[in-house]
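Quick notes on the structure that follows.
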Amino acid sequence: MDNRKTIPAARDSARRLIRAFDRAFDYLGVVAFAGMIVVLCLQIFFRYILAAPLVWATPLSMFLFIWAIWFGGASGIRDQTQVRVELAERYLPHGIQRLLMPGISLACALFLLIVIYKSFEVIKLQSSAIYDTLPFTRDYLFMVVPVLGSVMILQTIRVFVRQIGRYYFPDADKSRDG
């Protein structure tokens with residue numbers, strides 16, 4: 001078997017799978033956000049036009065909003081478009097950046113691990129809290145943290161690998177592009 005042909009094919013398959021994963025998470029975030037908008041518009045219509053407010057609209061829109069934020073956060077980390085201070089990237093010397101930027105990514109991954117670990121306590125506490133108007137308990141709202149927090153850690157690791165490539169192996173990026 002010729003490894004020279006199978007390795008690029010496997011790499012291309014992995015890239016396609018990762019792109020599909022990225023698109024799926026982007027779409028799920030859009031669906032959560034669009035669902036929130038639809039629920040809020042229904043609430044406005046029912047409350048002010050029909051004078052019969054929907055009792056489930058506020059908690060459901062909050063649920064969808066929080067999930068949309070976490071989906072967006074995972075996409076923002078992946079694309080490095082999340083809110084951050086870009087001072088180091090713009091003005092520090094390259095030698096400092098090559099240590100600092102991957103270090104910041106590792107610190108973010110560590111922080112997310114702590115948040116995920118602590119979220120299990122919150123989920124356990126909320127497992128008996130029932131929404132008055134929705135057919136599930138409040139722990140589903142907080143399940144977003146370990147589920148999408150794990151995705152955020154994976155995205156942070158991807159950023160870390162890109163940073164290592166950019167700062168330590170810049171010629172490899174040029175040969176791959178060309």
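Which pairs have Cβ atoms under 6 Å, sit 6 or more apart or on different chains, and link a residue in region 147-161 that is within 9 Å of SER105 (Cα to Cα) to one that is part of a helix (DSSP H, G or I) and among the β-branched types (Val, Ile, Thr)?
Between residues of region 147-161 that are within 9 Å of SER105 (Cα to Cα) and residues that are part of a helix (DSSP H, G or I) and among the β-branched types (Val, Ile, Thr), the close pairs are THR156/ILE77.
Tell me, which helices (runs of 4 or more DSSP H) lie completely within region 1-115 with 3 or more residues that are over 24 Å from the mean Cα position of the chain (by Cα)?
3-44
May I ask you to list the residues in region 51-92 that are charged (D, E, K, R) and touching a helix residue (DSSP H, G or I) at 6+ places or on another chain (Cβ under 6 Å)?
Matches in region 51-92: ARG78 only.
Just to verify a result, which residue in region 116-143, among those that are aromatic (Phe, Trp, Tyr) and part of a helix (DSSP H, G or I), is nearest to PRO53 (Cα to Cα)?
TYR140
Within region 71-103, restricting attention to residues that are of a type in the set (Val, Ile, Thr) and farther than 18 Å from ARG162 by Cα, which residue is surrounded by the fewest Cβ atoms within 10 Å (Cβ to Cβ)?
VAL83
When THR58 is evaluated against the numbered criteria (1) farther than 20 Å from ASP139 by Cβ; (2) surrounded by 14 or more Cβ atoms within 10 Å (Cβ to Cβ); (3) not aliphatic (A, V, I, L, M), which criterion, by number, is the only one it fails?
Every condition holds for THR58 apart from (1).
Of all the residues that make up region 117-140, how many are in contact with an Asp or Glu (Cβ under 6 Å, 6 or more places away or on another chain) and not β-branched (Val, Ile, Thr)?
2
With the requirement that a residue be hydrophobic (A, V, I, L, M, F, W, C) and in contact with a helix residue (DSSP H, G or I) (Cβ under 8 Å, 6 or more places away or on another chain), what does region 115-146 give you?
VAL115, ILE116, PHE120, VAL122, ILE123, ALA129, LEU134, LEU141, PHE142, MET143, VAL144, VAL145
FYI, it's all coordinate maths here, none of it is from the lab. Just so it is clear, the structure is predicted and the values come from calculations on it, not from any experiment. Cβ atoms come from the backbone with ideal geometry, glycine included; neighbour counts cover every protein chain shown.
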